[in-house]
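Notes for the one structure printed next.
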Amino acid sequence: MVPENKDGLNNQAASETSIPEPPSIHPSFIQVAKPYIFEQTIQQCIAAMGVNPLREEGLRLQGVTWIDNVRRVLYLPIRTFNTAVVYYHKFRLVHPDSEYNYMDAAAAALFTACKIEDTLKKSREIVCAAYNLKLPPSEHISPDNPVFEVHARGIIGLERLMLEASGFDFRTRHPQKTLIKLARHYGLTSQSQVSNVAYRISQDLYRTFAPIKQTASTMAFTCLELAGRLLDQRIEAVELGVDYEKWKTSREEVMETLFDLLELYTHSRGSTSVGPHFPADRFLTVRIPLNKEAEAQGLPRYTHWVNESRDPKATNGAKSGKELALEKAGARLHPLTPVAANGERPRAGEKGRDGAVRFMLDTECADAEKARVSEYFKVEMEEYIAPYGYHTATSAERRTVCASDSIGPPATFAAIAGAEQKYTGLYLGFERWKSGTN
């Protein structure tokens, strides 16, 4: 009986020691939906992905043109076009152009928008409509053709990435509704030339990043003012901004959108619907008084722009140590990547492997959760100051008692040195455990 008990105890002890320690619990990444993405964040996203700005602009215009042409063939309403372009813009701010074909991304954005706006179209129908645009009517083929099988599946696969890039935010805004209300408010009829041009400008506006930067009222005021200036039928109440406060907008935001549109018409006039109907010098004539107004009132080119603070020790434009370390590593932080409660970000190319990504709409709820969870990931450290004369004392003096009443009970230099070495070893061991190295 005795040997059996010993063997049982030994087996139990062996089983207890062989059980590995459970992995540390990851706080998970939280991605909050962003209905508005300002110009500074947009430029940071493009720089973080290493995309050429000229190439980005070209692919952006081509993708929006593709969406517009296909939705006209499928007789989709303007609201589906608006939503599709917004999803296309947000997708391209997260994924670099080298990872996909712009036509596949545009098709996936249109496919997703059809579901959101309840104008359902099959992926085969979208691919077929785009394919038939290149052929004469006599050579058109039906969506049931097996040629579209591979492309249709690819669009369905990109749909999930579209939703993730937008943070599963299904809130949409359409400036055309507000534009019609403003046109009626200022006495313009549906047959008015200004209202017709303003409506077409609202479609060209989606070839810029303005739809993800501005509210619907800001875009509506911009289209109405620019149409009046182009046709030389200016509306004084619109230009003075009498109703800005009522519609929760400002002159700075309207001016930023005006400049975005004028830059589009100046550099890419042929890719728009309004640009070819006006001479090129007309847009320059319209911009000159706007430049003078912005300079006189001190209006910034881009609103909500925050100047990045630099290291106070870095002078003459020198970069801080953190920026230099990131440049040496060849990586820049992407502003739209989710962040965990402990400040950790997912590694590039391994999204979802380091921890779960949860999508939230309420910013306050996400901040409260991060603050609560971050309490369990704080690194608490104790700073110990050696007594005066410790570093200059000899070995014999360090073995003597040197503590006074101000620092508590008596202690020896040897005990102090041992405690200091102990805390240093614990801290280094914690850092090795945190970094995952042995």
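Quick notes
- Unmet requirement for residue 119, which otherwise passes all of (1) closer than 20 Å to residue 33 by Cβ; (2) part of a loop (DSSP other than H, G, I, E, B): (1)
- Meets criteria (among the aliphatic types (A, V, I, L, M) and more than 25 Å from residue 53 (Cβ to Cβ)) for residue 306: no
- Within segment 255-291, the set of residues being among the β-branched types (Val, Ile, Thr) and crowded, with 17+ Cβ neighbours inside 10 Å comprises 257, 272, 274, 286.
- Listed by first and then second residue, the pairs with beta-carbon distance under 7 Å, at least 6 apart or on different chains, first residue in segment 355-368 and at negative phi, second in a helix (DSSP H, G or I) and surrounded by 12 or more Cβ atoms within 10 Å (Cβ to Cβ), are 360/366.
- Exactly one residue among 98, 142 is among the small types (Gly, Ala, Ser), part of a loop (DSSP other than H, G, I, E, B) and either under 19 Å from the mean Cα position of the chain (by Cα) or not assigned by TED's automatic domain parsing to the domain that holds residue 199 (or both), and that residue is 142.
Let's see how each residue does on (1) of a type outside the set (Val, Ile, Thr); (2) under 22 Å from residue 272 (Cβ atoms):
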{"residue": "70", "(1), (2)": "no, yes"}
{"residue": "83", "(1), (2)": "no, yes"}
{"residue": "88", "(1), (2)": "yes, yes"}
{"residue": "108", "(1), (2)": "yes, no"}
{"residue": "111", "(1), (2)": "yes, no"}
{"residue": "126", "(1), (2)": "no, no"}
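- Any chance residue 291 is modelled with pLDDT of 95 or more and outside the structural domain of residue 96 (by TED's automatic domain parsing): yes
- Helices (runs of 4 or more DSSP H) within segment 169-281 that include 1 or more residues outside the structural domain of residue 61 (by TED's automatic domain parsing) and of a type in the set (Phe, Trp, Tyr): 193-204, 216-230, 251-267
- Residue check, residue 149 in contact (Cβ under 8 Å) with a residue 40 or more places away in the chain and on the phi < 0 side of the Ramachandran plot: no
- Check on residue 220, farther than 24 Å from residue 90 by Cα and either crowded, with 18+ Cβ neighbours inside 10 Å or of a type in the set (Lys, Arg) (or both): no
- Hey, residue 220 over 29 Å from the mean Cα position of the chain (by Cα) and not charged (D, E, K, R) or not: no
- Against the criterion of being at pLDDT 95 or above and either under 24 Å from residue 96 (Cα atoms) or buried (at least 20 other Cβ atoms within 10 Å of the Cβ) (or both), residue 165 does not qualify.
- Test: residue in segment 236-252 that is under 30 Å from residue 59 (Cα atoms) and crowded, with 17+ Cβ neighbours inside 10 Å: yes
The values are calculated or read from the model by the stated rules, or taken from the named source; none is laboratory data. Just so we're clear, the structure is a prediction, and the values are computed from it rather than from any experiment. Note: ideal-geometry Cβ built from the backbone for every residue, glycine included; neighbour counts use all protein chains shown.
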